[in-house]
Protein chains: 2
Amino acid sequence: MNYPGNIKKNNIKKEPVNYANRGMNLESLINESNCYYDEKNKALINKKPTPIGISEAIYTNKGRVIKNGFFKAPSTLDYNGIYKGKYIEFEAKESQNKTSFPLANFHEHQLIYLKRVLEHGGICFVIIKMNNQIFLLKGEDLVSFLNTYERKSIPYSYLEKYGKIIKEGFYPPLDYLKIVDEIYLKGECL
Amino acid sequence: MNYPGNIKKNNIKKEPVNYANRGMNLESLINESNCYYDEKNKALINKKPTPIGISEAIYTNKGRVIKNGFFKAPSTLDYNGIYKGKYIEFEAKESQNKTSFPLANFHEHQLIYLKRVLEHGGICFVIIKMNNQIFLLKGEDLVSFLNTYERKSIPYSYLEKYGKIIKEGFYPPLDYLKIVDEIYLKGECL
């Protein structure tokens, strides 16, 4: 049978889709990539455990068990580690928004911390996923945005202009260190 | 009145005792020193939250609450951060032993991780408190001990020979970065 609808669909030009990582959220893409870097001994980068407050814990034959705990707001960025002798710290966020990335995705303390890491000479950035694109935005460009505009969100056009697209791959699923090489360590051989 | 006992006491030569930090364990000394470094913007060094596994969590009007959680063994060292542009990672341990420091105080994964941080160009060490002395032992010296001897503990004499004593003070209570300056960053101006 001939469904006119199908024909119409087939005529639409589609972006090639990477099915390998389908369903993986940004955090999983990064965590798996960090495992890859770890296995290949390319870098030591870890997600910091979420800080937990414990209001009740008991001792059992399996050790200490938490019976009442709560999540604390992080005051630093989620990932840190060492790559080619450099200190690296970054945060990763996804947004369903189409036109701009709401800054409310970051805690205020995190933005202050990001500036401080830069002042101390670290490599510091954010990875933002929106509109099916993943961008690495240098901390310096985020700070410059915050200093220049009093907006509560970063326009998508700003990400397109200043961010660097990180392409998804197979293994590692998100080779963000390739971008770090390009924008921070250009020509450095270590 | 004249108590002979008092006279006797006064004649005994005593080591000056720092009462300021009395009762503070090593972890508290380090955490308070990290707060000091943070306030003075000298370094950004944090204790990593203990990794937690969550087997039950519920949503309440105060947010997500853990009802059953357990502590995981850390595979990295407890503290990391950035100082004068350098990546720093270290572990702190106390022992009541008098003659040697049992290596069982470290998880095996932590010792492997320590070596790897060194390979990646980070500053990595352990802070050990025993016999009322606090030593900073360079990761390199710990690795060299592990490679040379098949012992399950580090003799105190090894700590005395290769470790650097960190003196307790008032504020910060344990200025370990002073020792880091001396042994790692000698003469470096950043």
- Query: Under the condition of being within 15 Å of A:Arg116 (Cβ to Cβ) and among the hydrophobic types (A, V, I, L, M, F, W, C), which residue from the range A:138-147 is surrounded by the most Cβ atoms within 10 Å (Cβ to Cβ)?
  - Reply: A:Leu142
- Some residue of the range A:148-167 being surrounded by 15 or more Cβ atoms within 10 Å (Cβ to Cβ), touching a Lys or Arg at 6+ places or on another chain (Cβ under 8 Å) and within 14 Å of chain B (Cβ to nearest Cβ): no
- Query: What pairs come up if the first residue lies in the range A:159-172 and is in contact (Cβ under 8 Å) with a residue 60 or more places away in the chain, the second is of a type in the set (Val, Ile, Thr), and their beta carbons are under 9 Å apart, counting only those six or more places apart or on different chains?
  - Reply: A:Glu168/A:Ile134
- Message: Residues that are among the charged types (D, E, K, R) and touching a helix residue (DSSP H, G or I) at 6+ places or on another chain (Cβ under 8 Å): does the range B:155-163 have at least one?
- Response: no
- Message: B:Ser55 - would you say it is open to solvent by 40 Å² or more (accessible area, probe 1.4 Å) and either at pLDDT below 90 or of a type in the set (A, V, I, L, M) (or both)?
- Response: yes
- How many of the residues in the range B:105-124 are open to solvent by less than 20 Å² (accessible area, probe 1.4 Å) and either among the polar types (S, T, N, Q) or within 14 Å of chain A (Cβ to nearest Cβ) (or both)? 7
- Where residues in the range B:63-89 are touching a residue at least 60 places away in the same chain (Cβ under 8 Å) and crowded, with 18+ Cβ neighbours inside 10 Å, which of them is nearest to the chain's Cα centre (by Cα)? B:Ile88
- From the list B:Thr50, B:Thr99, B:Thr60, which residue is modelled with pLDDT of 90 or more and either open to solvent by 20 Å² or more (accessible area, probe 1.4 Å) or facing chain A (nearest Cβ under 8 Å) (or both)? B:Thr99
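To keep it simple, each residue is scored yes or no on (1) among the small types (Gly, Ala, Ser); (2) at pLDDT below 95; (3) farther than 20 Å from B:Ala43 by Cα.
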| residue | (1), (2), (3) |
| --- | --- |
| B:Ile134 | no, no, yes |
| B:Lys138 | no, no, no |
| B:Asn147 | no, yes, yes |
| B:Lys164 | no, no, yes |
| B:Phe170 | no, yes, no |
| B:Leu177 | no, no, no |
| B:Cys189 | no, yes, no |
- Query: Which of the residues belonging to the range A:1-31 are farther than 29 Å from A:Leu174 by Cα, in a helix (DSSP H, G or I) and either open to solvent by 60 Å² or more (accessible area, probe 1.4 Å) or modelled with pLDDT of 85 or more (or both)?
  - Reply: A:Pro4, A:Asn6, A:Ile7, A:Lys8, A:Lys9, A:Asn10, A:Asn11
- Filter pass, B:Lys93 being open to solvent by 10 Å² or more (accessible area, probe 1.4 Å) and more than 9 Å from chain A (Cβ to nearest Cβ): yes
- If you check A:Glu160 against the conditions, is it part of a helix (DSSP H, G or I), within 21 Å of B:Asn41 (Cβ to Cβ) and either under 12 Å from the mean Cα position of the chain (by Cα) or among the acidic types (Asp, Glu) (or both)? no
- Message: So, in the range B:63-80, exactly how many residues are within 8 Å of chain A (Cβ to nearest Cβ) and modelled with pLDDT of 90 or more?
- Response: 2
- Counting only residues that are open to solvent by 30 Å² or more (accessible area, probe 1.4 Å) and touching a strand residue (DSSP E or B) at 6+ places or on another chain (Cβ under 9 Å), which one in the range A:32-47 is nearest to the other protein chains (Cβ to nearest Cβ)? A:Asn46
- Report yes if some residue within the range B:125-137 is open to solvent by less than 70 Å² (accessible area, probe 1.4 Å) and within 14 Å of chain A (Cβ to nearest Cβ); otherwise report no. no
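The values are calculated or read from the model by the stated rules, or taken from the named source; none is laboratory data. Bear in mind that the values here come from a model prediction, so they are computed numbers and not experimental data. A quick note on method: Cβ atoms are made from the backbone with ideal geometry, for glycine too, and the neighbour counts reach across all protein chains shown. Please note that ligands, DNA and RNA were not included when accessible areas were found on the heavy atoms of the full protein model with its side chains. Shrake-Rupley method; radii C 1.70, N 1.55, O 1.52, S 1.80 Å.
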